[in-house]
Structure formats: structure tokens, C-alpha cells
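No lab work stands behind these numbers, since they all come straight from the coordinates. Everything quoted here is computed from the prediction, not taken from an experiment. All Cβ positions, glycine included, derive from the backbone under ideal geometry; neighbour counts span all protein chains shown.
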Amino acid sequence: MGKELQKRDLTEQLAFFEAYAEAAGPKGIKLLSRLLNGRRFLWMKHPSPVRACAARALGIIGGKDADMELNVAEMDRDPMVLSAVHKARTPEEEKKAEMPDAGS
Amino acid sequence: MRVHDDELIRDTSAQLSAEGRKVLSALYATMRSLRLYPLENQVVQRALSEVDACTRTVLNREGKMQLRLAGDFVFFNDVRVRLDLGNYASFVFVRKALEVHEIGDIEANTQVDIREWTSFLSLLVTEAEEGESALDAFGQRMQQAGIENIKIGPAAALVEALSLSEEAKEAARRTYARSVSVVKDVMTSVRLGKAWSGRRVKRVVLGIVDQVLHDDAAMLGMTTLRDYDEYTFTHSVNVCILSVALGQKLGFSKLQLFELGLGALFHDVGKSRVPLSVLNKDGRLDKEEWRIVSQHPEFGLILLFDLHGFEEPPYRAMLQAYEHHMRTDFTGYPRVIRERWFGFFSRIVAVSDAFDAATSKRSYQYIPFPPDEVLREMRDNPARGFDGTVVKAFVNMMGIYPVGTVCILDTGELSVVVAPSPNPEELHRPLVRIVSDASGRRLAEPTLVDLSEPDPATGRPARTIVKTTDPDKYSITVSDFVA
């Protein structure tokens, strides 16, 4: 994922990753895992927002392979990535239950 | 490549826009000082030098300098000057001074000098002469003052502009035809698994954006050119034109219009993965066929990864391809399992797509819906799931009776809408071409009429739309009168 996408705000980045996950399905795991756990130039990891979005996208695809990549990311110390991995693993019903009511 | 093009568009437009603001401010300062001080005063002389200096920079580079007023907009060498609170006062001042003399257009060539600017601006701050035409009188005074390198023109009324826009129509027609041909090539290449060139695509989108910025009425008229056999391609181009025109009304920058246009042009690229037998089936789709068709937004996103000629994949265009059938209440498709951010560009494409699809003849829709009914349904039925703000802006752009609507007037005449009313309070009184008289006789030369124009005798509009009707009922080819 290039610089153009990284310039967008996080919501738009996430929307794109989610769309990609829905459209590509298990075929997208390779690219997403590279973004989440792979290394770039000078052994650096990808920026946290990109990694977080990739984790959420892997959560959407689901399955054994995606789960394995999320397991690797769970060892990470980046709080943004850890939070995204947690959210990726939380089933949708629980996510809704965690959300406060509009009135409260 | 993308970065270069983007930068080029951004740089040229931004530079001209900034220079336009500078020229406006200089004109404002000079006219103010001319009203307060004599010509010899240092303040006046300094302001005049500033006008000469900033116009000289543009003239040397562009060969001409044109300042054109169009309603609340000002265009500097065809680039819209973005006004903010800081320069709005100067714009209003200059506009008022020009309106007094009925001037809507100033054009200077490279020969213009400070003497001519001095005479011209001194004339501008004087009262308009009593008489028939203030513009003609001003022209004569310019001639007497020996101003030869500054030309003035009227603020074109919409009816006049439409009558005189044959050249613009021809250019719009060329752009439209080229765009359809490129979309056809691209879709065919994708279907055959061949590579497709982003460079041609870029040129087409830029062509549409430029044409819309230049004359959106002519381009919107082109959307009535519907070809049953080439529906998929003409539909893509129509959606692109409608989206870019709407983006322009919403104040998008040229770069944003390019991104919006690119996504709109290829929102249906995923359909090239759908078998033609399914795509062109006349009649209802069965469950399996529907499943395949409803996957086209997902196919579209993936296919746009293969768009070469861009430095990076066009992310926004990909999102538009993916989201254009989603609804604000998430009832559309692809189905989403959670609430998600729904892009503004996608909301625009969703509205343009639905409007064009509903008003076109397709393999499974022999009788298209009347445009005004479609707009009403989009606006009044929240179950359709369109963004209310976007629909409102779309109605404002198209008018209550969109271009191409066939109407019966209270005089019994049959007419075709050719442009929305320029007055936002008169959206129900568009500009029409009278096709046949009250007795049903076809007119050899269809006449252009502004329905908001009052009858001099009664003071009330001379004609009013009674109802809309189906063009096929009267064997009318709408595009003959509009495009």
C-alpha cells in the first residue's frame, strides 16, 4: 500500500481495507499479512495505521490462515496494532454489546 | 505518472486561481483609490503599477488574460477563482462596478500597457450613461479613449449562451464520443484479460472534467444521448459527467473532480467479469444470476488494481466501484456485516448511477422512468437509501425537471427541457425547446423559451409546465433537441 493511501485519514484507510478484505476473501491474506507482520526497507515495519487496518481486514476474512497472522501480531508491542488485533478477534455481536447506547 | 499529472493540474489551476485573486485585489485597490484621489496621486499610481505588474506576469506566460463573471463565480483564464472571506469584498466591489456597465467579460492581450489600464479603470469608476445599452456606451467611450487591447463582453444570459453554444456542444460531443470509445476499449480489454492503459483513461477523465468546468450545460445535455446497444459504456460516461458536474457544484477542486470522475467512469468495471448472457438478459434474473451480478462491485475493486499508468492504485476510485450500490442504511450490496464509513464520493456516484440507470432504456427496462419522477422518488423515499444532502444538491443541479424531460405546457405546446433555470427559486421553470404547437404540429425550428420569463402584458410567466410525458408517445428523440 502506497503513500497515497497513508495520506488519507484512518476512517478512509479502514474503509478501503475492509472493502479489500470483503472483495478479495482468502486470496487477500498474503498481501494483508505482509502489511501486518512484514518488514520494509531497513527492517522497519509498516506504519501503525496500515498495520492496524490490515489486522482488522484479516479479522473480516477470518479462517485458520488469517488467525495465524493475527497470532503473530499479538506478540507486538504497538498498542494500535494490539487494539486492532483484539477488535479483529471480537465477534460482531460482542462489538455491538460493547458500544454504549445512544441515550447514555 | 499520477503524481506528475496531479501536480500539474494542481499547480496550473492553483497558480491561475492565485493570480486571479491578485488581479482582483489590484483592480479593487485601483478603483477605490481612483474614486478617492486624483490620477496623479501616488496611491493611485502605485495601485496602477500593481495592476500592470500582476497582469503582465499572466500575459507573458499565457498570451491573454480573461476575467469572466458567471453568477457568483469568477473565472480567470477559464479557471475558477476560489474566493474566501479575505478577498470576497474585493470581488463584490469589482462585480458591482462591472455590472453597472453590463460588462461580464474582460479580455486583455499582450499589447496592453499601463496607459490603457489607467483609462479603462477610470472609465469603470464613472457612472453608466443613460440610454439603451450601457455596454455599447462603454465600448464607445473605450474607443474614444484609444483603448484597443482590452476587450469587453456582456454577461451572457442563459438563453443567449445556449443559442450561441454550438461550438461548445460540438466540443462536448467530441469528448463524449471519445470517452465512450475508451470505456468500450477498456471494458473489452478487461473481459478478454488484456492489459489496459491508464494513460488514455486519465486523458478521458481530464477531458470530461475540463469540459464540465468549461460548459457543464453542454456536457449534461450529452447524457441524454443514450444508446441501447452500448448501454454499459454510455452509462459509465453519463455517470462520470453527472458526478463531476455535481462535484463542481459542491465546490470540489480540479484534483478532487479528477478522482471523482475516475471512480465514476469505472464504477461498473466489475461488470466485465459478468457473463454477457446474464448482463443482457431481458427479464428477471434468477437467484444464481443475481448472485453473479451483485458481485460486480467486488470485482470492480479488484480489477482496478490492474489499472496501469498510475504510480499507485486509485484507492478512491476502487472504493467508489465497491460502494456505489451501498445505501446509507446499508441495505444495498455488497452486504455489510457492520456499520462502516461510506465515502462521500461513493454517495455522489450512487445518486448519479441510480438516476441514469432509471432514466435509460435497458434490456430489462423497456420503458424508462421520467426524470422528474426519478428525482422525486430519490428525494422523498428514504427507503431508497440515498444521501439526502447529495440528492438535494443533485436536484438543485438538474432542476425539478431535469434536462431531457418532455413536458406539456399550459398552452398545449410540447417541449423538451434543455437547461435548469439559473434562478434557484425558479427550479420549476426551466429553459425548454418548444417542439410542437398547441395543435400538435411539429415546429420546423424548435424555439428556445425561458419559462421563468414573465409575459410583459400580465407580468406573470407566459407558460407553465402542466405535466411531463413519455417521449416515445410522441416519437421524440430527446437528444435531437438537447445534445
Open item on the list: Between B:GLU425 and B:LYS249, what is the label-point separation in nm under the 7 Å Cα-to-beta-carbon projection?
Closed with: 1.9 nm
TODO: Round to the nearest 0.05 the FRET efficiency obtained for B:LEU285 and A:LEU10 when R0 = 22 Å and r is the Cβ-Cβ distance.
DONE: 0.05
TODO: Subtracting the Cα-Cα distance from 0.36 nm times the residue separation, let me have the gained length for B:ARG32 to B:SER189 in nm, one decimal.
DONE: 50.4 nm
TODO: Would you mind calculating the gained length between B:SER475 and B:GLU62 on full extension (0.36 nm times residue separation, minus the Cα-Cα distance), in nm to one decimal?
DONE: 143.8 nm
Open item on the list: As an exercise, use a Förster radius of 22 Å and the Cβ-Cβ distance of B:ARG338 and B:PHE305 to find the FRET efficiency, rounded to the nearest 0.05.
Closed with: 0.35
Open item on the list: Which one, B:PHE258, B:THR30, B:VAL395, projects farthest toward the positive side of the charge dipole computed for the protein assembly as shown from Cβ point charges (K/R +1, D/E -1)?
Closed with: B:PHE258
Open item on the list: Quick check on chain B: helices-only [θ] at 222 nm, where DSSP H runs of length 4 and up contribute -39,500 (n - 2.57) each and the sum goes over total residues. Nearest 500, please.
Closed with: -16500 deg cm²/dmol
TODO: For B:ARG200 paired with B:ARG174, estimate the spin-label separation in nm (one decimal), with each label point 7 Å from Cα along the Cα-to-Cβ line.
DONE: 1.9 nm
Task: FRET E, pair B:VAL92, B:GLU373, Förster distance 51 Å, beta-carbon r, rounded to 0.05 - done: 0.80
Task: Relative contact order (%) - region B:214-315, alpha-carbon pairs under 8 angstrom, separation at least six - done: 22 percent
- [ ] Determine which residues of region A:11-38 fall in the zone a paramagnetic label at A:VAL72 would reach in this model, i.e. backbone nitrogen under 18 Å from the point 7 Å along Cα→Cβ.
- [x] A:26-38
Task: Label-to-label distance, nm, for residues given as B:SER439 and B:GLN111 (7 Å Cα→Cβ offset) - done: 5.6 nm
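When Cβ neighbours within 10 Å are restricted to other protein chains, what is their mean count per residue of peptide B:295-307?
If you average over the peptide's residues, the count of other-chain Cβ atoms is 2.
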Task: Shielding of A:9-22 by partner chains, average beta-carbon count, 10 Å - done: 5
Task: Per principal axis, descending, Cα span of region B:357-483 in whole Å - done: 46, 35, 22
TODO: Report the local net charge at B:VAL482: Lys and Arg +1, Asp and Glu -1, summed over other residues whose C-beta lies under 10 Å from its C-beta.
DONE: +1
Task: Debye intensity ratio I(q)/I(0), log10, the protein assembly as shown, q values 0.06, 0.08, 0.11 Å⁻¹ (C-alpha model) - done: -0.40, -0.68, -1.11
TODO: Give the long-range amide H neighbours of B:GLY104: residues separated by 5 or more places, or on another chain, with amide H under 5 Å away, using H modelled in the peptide plane at 1.01 Å from N.
DONE: B:GLY153, B:ALA155
Task: Links that overshoot a 22 Å alpha carbon limit, given the list A:LYS7/A:LYS45; A:LYS3/B:LYS184; B:LYS361/B:LYS473 - done: A:LYS3/B:LYS184
Open item on the list: Show me, for region B:183-196, the HN-Hα J-couplings you get by feeding each phi into the Karplus relation (A = 6.51, B = -1.76, C = 1.60, θ = phi - 60°), rounded to Hz, glycine and proline as x.
Closed with: 4, 4, 4, 5, 4, 5, 4, 4, 4, 8, x, 8, 6, 10
Task: Under-5 Å amide H pairs with B:LEU443, H placed in peptide plane, nonlocal only - done: B:SER436, B:ASP437
TODO: Quick one: what are the phi-derived ³J(HN,Hα) couplings along region B:274-281, Karplus 6.51/-1.76/1.60 with θ = phi - 60°, whole Hz, x for glycine and proline?
DONE: 8, x, 4, 4, 7, 4, 9, 5
- [ ] Partner chain Cβ atoms within 10 Å, averaged over the residues of B:311-319 - can you pull that number for me?
- [x] 5
